[in-house]
Structures are given as C-alpha cells and as structure tokens.
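The values are calculated or read from the model by the stated rules, or taken from the named source; none is laboratory data. Small disclaimer: the values here were computed from a predicted structure and weren't measured. Every residue, glycine among them, receives a Cβ derived from its backbone with ideal geometry; neighbour counts consider all protein chains shown. For the accessible areas, the whole protein counts, side chains as well, though only heavy atoms, and no ligand, DNA or RNA atoms are used. Shrake-Rupley method; radii C 1.70, N 1.55, O 1.52, S 1.80 Å.
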Amino acid sequence: MPFKPNEFVAEISKQGGVALASDFRVLVTPPEGMKHLDNEALQFRIDGIDFPARSVTEINYPLYGAPYKIGATLNYVPITMSVLMSPDMRERDFFLEWQDLIGGTHRDPRKNSDEVNRQFNIGFYNEYVSGQGIEIQQFDRGKPDNPVYIARLMECYPSLVGASTMSWQTPDVLRQSITISYRYFTDEFIGRPDVANVSADSLFTRLNKSGAG
C-alpha cells in the first residue's frame, strides 16, 4: 500500500501527536541517611537521562530441530543521567556522599578524624538503597504540571560517578555523568484525558471496534 501523508498525519493526531525528548523531569529521593541534604534543586539540574531498559535472559531448549528460545530472568539495565554542575560542585558531592554509604567515608578527611576504624566499612544494603529513589516523569507539550507517564527506579543507588572533563579550550557548561543501578522499575501510564486510551480497553472491546468481533 502506498504511503499517504494525510492518513499518516490523521493517525498520529488521534494519539495527540508525538512525545518530545525534552519534556521530562527527574525527582531524586536519597536514602534515609542523606535526608539532611537538600535535593530539591536536582530536578532543575538533570538535563539528560535514559528511560530504564529491560531485557530477557533466554534459555535454548533443543527439543527437536531448531531450539526453542525460552524466556527466563528479566534483567534491568543501569541508566545514565547528565547533571548540570553548580560552581561549588555540590551535585558531585551529593552522589559521592551517597556512595560513601556503600564503601565508607575514606574520601572525606573531615569525617575520618574520629572514625578511622570505620572509613573503609561496607554499608548495609538497606542503608544505601532508596526504595523509589529516582522518578522520571514525561510531560505533554505545554502542560508541565501533569505527567502522562512515570517510571520509578526501585532500590537504586549511584553505581558510577563519572569523570567530568575540564578544558581551557572551551567555555561549555560542566556536566557530571551519573550511572544509577537499581533492582527493578515500576511504571505508571497516566495518559491524556483528551485522547482515547486504547490500551485500557479489553481484548473483546478492541475486537469489536476493529470489526473483527
């Protein structure tokens, strides 16, 4: 069937258009041991992030002929986000302090003066993970207060505070790369009230709408 621009535009318009990569916000909630730090400003500093990915570990089952690909474990891939740095680098210090809950306080001489025996102590899992630590909200264009989709990273922590390249050759804004590991994610499809939510229909309703019922 030949491509028909008018039909394409009409079909896209039924769903309210397209999502834009720039219409997002990230909320960061640290674990209990870091609640004394101000994290509200981070939502205005995170200028890039990936929605979480998920893969399936497959098992080959050679019953006869070509083996069956049987799905087994679900794998949750760490995500990376970009953070705009303040002049005093407080965002970098925030995520490094979060990592201190995992591997000890040896990077900070101020804390090691009276805790020498604990500076390399490994933290307990429940003390350094945050239950719903990262929340990624996707918005519809022109409606920044009403998210249409939310993904939450469960039991997460910063597994990598990346290098930030400094150079006299450029006046670019300094960014910090942060990799977040997590156990799994949950997501919430909210949708738009002015667009039909076809995914909420039952199988029989969708068959009837299509004429195949």
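A few comments on the model shown:
- Sequence-distant residues sharing a close amide H with Leu174 (under 5 Å, placed H): Met85
- Table column - 3J(HN,Hα) (Hz), region 14-28, Karplus curve with 6.51, -1.76, 1.60, x for Gly and Pro: 4, 8, x, x, 10, 7, 10, 5, 8, 9, 8, 8, 10, 10, 10
- Each residue of region 162-174 was assigned a 3J(HN,Hα) from its phi angle through the Karplus expression (A = 6.51, B = -1.76, C = 1.60, θ = phi - 60°), giving x, 6, 10, 7, 9, 7, 7, 8, 8, x, 4, 5, 7 Hz with x at Gly and Pro.
- Projecting label points 7 angstrom from Cα along Cα→Cβ for Glu188 and Leu160 puts them 3.1 nm apart.
- By the helix-only formula, in which each DSSP H run with n ≥ 4 contributes -39500 (n - 2.57) and the sum is divided by residues, the chain has a 222 nm mean residue ellipticity of -5000 deg cm²/dmol.
- Other residues within the sphere of radius under 14 Å centred on the Cβ of Arg152, judged by their own Cβ, net out at -1 (K and R +1, D and E -1).
- Other-chain or far-sequence residues with amide H under 5 Å of Ile134's (modelled H): Thr29, Leu153
- Read-out mean projected area of the Cα convex hull in nm², derived from the coordinates shown; its label in [x] 21.2; [y] 14.9; [z] 13.3: [x]
- Net charge dipole, the chain: roughly 580 debye, given to the nearest 20, about the Cα centre with Cβ charges of +1 for Lys and Arg and -1 for Asp and Glu.
- Near the amide H of Ile79, within less than 5 Å, lie the amide hydrogens of Ile180, all on another chain or at least 5 residues away, with H placed in the peptide plane.
- Annotation for region 176-191 versus region 49-109: alpha-carbon center distance of 9 Å.
- Protein accessible area in the chain, 1.4 Å probe - carbon and sulfur %: 56 percent
- Cα-based helix-to-principal-axis angle, 90-103 vs the chain, degrees rounded to 10: 80 degrees
- Excluding exposed DSSP-loop chymotrypsin sites (Phe, Trp or Tyr not before Pro) (at most 14 other C-beta within 10 Å), longest clean stretch of the chain: 4-63
- Cα-based Lys pair tally, the chain, threshold under 25 Å, eight or more apart or on separate chains: 5
- Extending 7 Å from Cα along the Cβ direction at Ala19 and again at Arg141 yields two label points whose distance is 1.6 nm.
- For the chain: accessible area per residue (Å², 1.4 Å): 68 Å²
- Each residue of region 2-11 is assigned a 3J(HN,Hα), and the resulting list reads x, 6, 10, x, 5, 5, 4, 4, 5, 5 Hz, derived from the Karplus form 6.51 cos²θ - 1.76 cosθ + 1.60 (θ = phi - 60°), x at Gly and Pro.
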